[in-house]
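The structure appears below as structure tokens.
The values are calculated or read from the model by the stated rules, or taken from the named source; none is laboratory data. Treat the numbers as computed from the prediction; the structure is a model and nothing was measured. We place every Cβ from the backbone using ideal geometry, glycine too, and count neighbours over all the protein chains shown.
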Amino acid sequence: MNAPASPIRTREARPLGTAGGRWLVATLSGLVAALILGSIAVGYATVDLPAAFADLVAGRTSLPALVLWELRIPRALLGGLVGFSLGLTGAVLQGYLRNPLADPGVLGISSAAALGAVATFYGGLAASLSLALPLGGIAGAAVAAFALNLLAARGSGTLGLILAGVGLSSLAGALTALALNLSPNPYAALEIVFWLMGSLADRSMDHVVLCLPLMALGWGLMLSTGRALDALVLGEDTATSLGFGLVSVRLRIVTGAALAVGSGVAVSGAIGFVGLVVPHLVRPVVGGRPGAGLLPSGLAGAALVLGADILVRLLPTRPELKLGVVTALVGAPFLVGLLWHDRTRR
Amino acid sequence: MRIVGQTLTVRYGSRKVLDRVGLAIEPGELLGLVGPNGAGKTTLLRALAGLTPPDAGRVLADGHDLAAMPAETRARRVACLFQAPMAGWPLLAEEIVALGRLPHRHPFGRLAQADHAAIERAMGATDTLHLRGRRDTALSAGERMRVLLARALAVEAEILLADEPIAALDPGQALDAMALLRRLARGGTGVVVVLHDLTLAARFCDRIVVLDRGCVAAEGAPAVALTDAVLRDVFDIEVVRGHADGDAYLVPWVRSPLPHAPPMERRR
């Protein structure tokens, strides 16, 4: 029955290593660069881009230069940063939890970050201080990461970590709902709901400066686990026997995910499905080795978020569609299709 | 390298899984670990690999505490093959075998020539070269078992600890695998293999350790360890013995006749 495998699966071995992966990384890097430029070019105000760039470089504070520096460039950069974080975290968590349905929200960090941001909304801090919102989000993610790390350091297993994440998600979700419930006026509630849907509109360079170092640190921590994720394909015992300390791996992943996703949610709200879908998109090209999918997943995530963010600005809907709505609209059918494909294959 | 477990005791909760077990792994020796299910074989293997810290006793590697050895060094010197479900990602068989080279590689370094050679040797020895481009999801149970054995061989360690490496193999492949493990031992590697097949254990192993309820019930050359009395006492079986090619063999034949309780209930 299973002896003559289908020709697709028995294709001749490509050389070991990541030839396909490197090609993909190069292509995706080019795509992300192009999309960042595209994202800078697309907007509501008509701007003479070359002139704006010239003004910016020369240090002239003309209106086009201001639009570029205060609106377009931060928005494009954040799209790339948040997308990369979501894609990379999704790939790392799928590899670590050995589960194709894991996503950056599975540990409860996104929900906690959202709760933190909502709390600053609710407390009225957001109105008085422009960075209060992202700072609140980061604080929420930090609390969640601290709780998860306590658990992980005690050597609690993978399942314990997932269950803790589910618990944390529900708790943060319930508290967010409570904040909406007790909201002093309907406009505040509406504002919170809109913010939760995720958007990159009207973010400033301050947001970039705030989240970039946190994300870079998180990316470093997560990328450093690539080898261990490969070994974990063989199970936790074998990974340990290959010299990988699982507690250290767990701490790096939880901390890295909290830094990257927490600061991402803090500046952009919740953008769903990117982290879930992207690892599945790159897997056919880079193969099943989890470590080989990390960098491509991050880049593909960046491309996806940048593309979606360009799309919401090109669509005639006003006010523009929320980013989280668009990615989920694209992502949910994909997820169903994936499950369908898996069923028919077995 | 010589690994010695001294008075190893491991508890899971209040249950003693290993009770003061002593065991030495010599270079160049194929050591068979047999015993009924739940006797503590896998736990003993994990303890010898340094994965389960014993509650009492210690594991020495060349006279030094194994627990004090850096994980990377231990990973290069002791290879393990455990029974674990694969993650289900579509890795190529060759990529799985290449995972055995992880302890030898620099962080972020690529596979070196020596790594490729080791992968080639391991896949050649386990007759899996023709599977190299096949995805894990398209391997049969026996093929996957041999690929995983190749993965463990690719480490090229001084000690190999294997938990039921022939469980999913057909009779011909099982004979091949046992012959391979013996060849490996003749080459100087210390090999410990957990087996349920007493016939193959007696035929191929240099030394047998019989584990029963966390204790060593018998130890020695197959003829010394697997006596009728031991087999009756530990496994509740009677064996048929004979000679072939000048070697003694044994085949499990019937449950031991029991004066008191029915066989299924007696052991619990």
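The table that follows gives values for the structure above.
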quantity: Residues of the stretch B:50-87 satisfying the condition of being touching a strand residue (DSSP E or B) at 6+ places or on another chain (Cβ under 8 Å), aliphatic (A, V, I, L, M) and farther than 19 Å from B:ARG20 by Cβ; calculated: B:LEU51, B:ALA61, B:MET69, B:VAL78, B:ALA79, B:LEU81
quantity: The stretch B:139-161: number of residues that are touching a helix residue (DSSP H, G or I) at 6+ places or on another chain (Cβ under 9 Å), facing chain A (nearest Cβ under 10 Å) and not charged (D, E, K, R); calculated: 6
quantity: Selection count, the stretch A:188-211, where residues are in contact (Cβ under 8 Å) with a residue 12 or more places away in the chain, in a helix (DSSP H, G or I), under 12 Å from A:VAL267 (Cα atoms) and among the aliphatic types (A, V, I, L, M); calculated: 4
quantity: Subset of the stretch A:311-338 [over 17 Å from the mean Cα position of the chain (by Cα) and β-branched (Val, Ile, Thr)]; calculated: A:VAL312, A:THR317, A:VAL336
quantity: Of all residues making up the stretch A:54-65, the number that are buried (at least 16 other Cβ atoms within 10 Å of the Cβ) and hydrophobic (A, V, I, L, M, F, W, C); calculated: 2
quantity: Number of positions in the stretch B:6-39 that are under 19 Å from B:ALA221 (Cα atoms), part of a strand (DSSP E or B) and touching a residue at least 40 places away in the same chain (Cβ under 8 Å); calculated: 9
quantity: Wholly enclosed helices (runs of 4 or more DSSP H) of the stretch A:78-179 bearing at least 1 residues touching a strand residue (DSSP E or B) at 6+ places or on another chain (Cβ under 8 Å); calculated: none
quantity: Single condition A:LEU229 does not satisfy, out of (1) over 15 Å from the mean Cα position of the chain (by Cα); (2) surrounded by fewer than 24 Cβ atoms within 10 Å (Cβ to Cβ); calculated: (2)
quantity: Matching option when the condition is aliphatic (A, V, I, L, M), touching a Ser or Thr at 6+ places or on another chain (Cβ under 7 Å) and crowded, with 20+ Cβ neighbours inside 10 Å, among B:LEU8, B:LEU18, B:LEU33; calculated: B:LEU18
quantity: Every residue from the stretch B:89-106 that is more than 7 Å from every other protein chain (Cβ to nearest Cβ) and outside any helix (DSSP H, G or I); calculated: B:ARG105, B:HIS106
quantity: Answer residue from the stretch B:40-63, given it is part of a loop (DSSP other than H, G, I, E, B) and over 25 Å from B:ALA167 (Cβ atoms) and is farthest from the other protein chains (Cβ to nearest Cβ) among those; calculated: B:GLY63
quantity: Tally of residues being under 14 Å from the mean Cα position of the chain (by Cα) and away from chain B (no Cβ under 14 Å) across the stretch A:91-126; calculated: 11
quantity: Answer residue from the stretch B:64-88, given it is more than 8 Å from chain A (Cβ to nearest Cβ) and in contact (Cβ under 8 Å) with a residue 12 or more places away in the chain and is nearest to B:GLY100 (Cα to Cα) among those; calculated: B:ARG77
quantity: Whichever residue in the stretch B:109-131 is at the interface with chain A (Cβ under 8 Å from one of its Cβ atoms) and touching a Gly at 6+ places or on another chain (Cβ under 8 Å) and, among such residues, is farthest from B:ASP176 (Cα to Cα); calculated: B:ARG110
quantity: Matching residues, the stretch A:301-332, being charged (D, E, K, R) and outside any helix (DSSP H, G or I); calculated: A:ARG318, A:GLU320, A:LYS322
quantity: Residue within the stretch A:289-308 that is surrounded by fewer than 23 Cβ atoms within 10 Å (Cβ to Cβ), modelled with pLDDT of 90 or more and either in contact with a helix residue (DSSP H, G or I) (Cβ under 7 Å, 6 or more places away or on another chain) or not small (Gly, Ala, Ser) (or both) present; calculated: yes
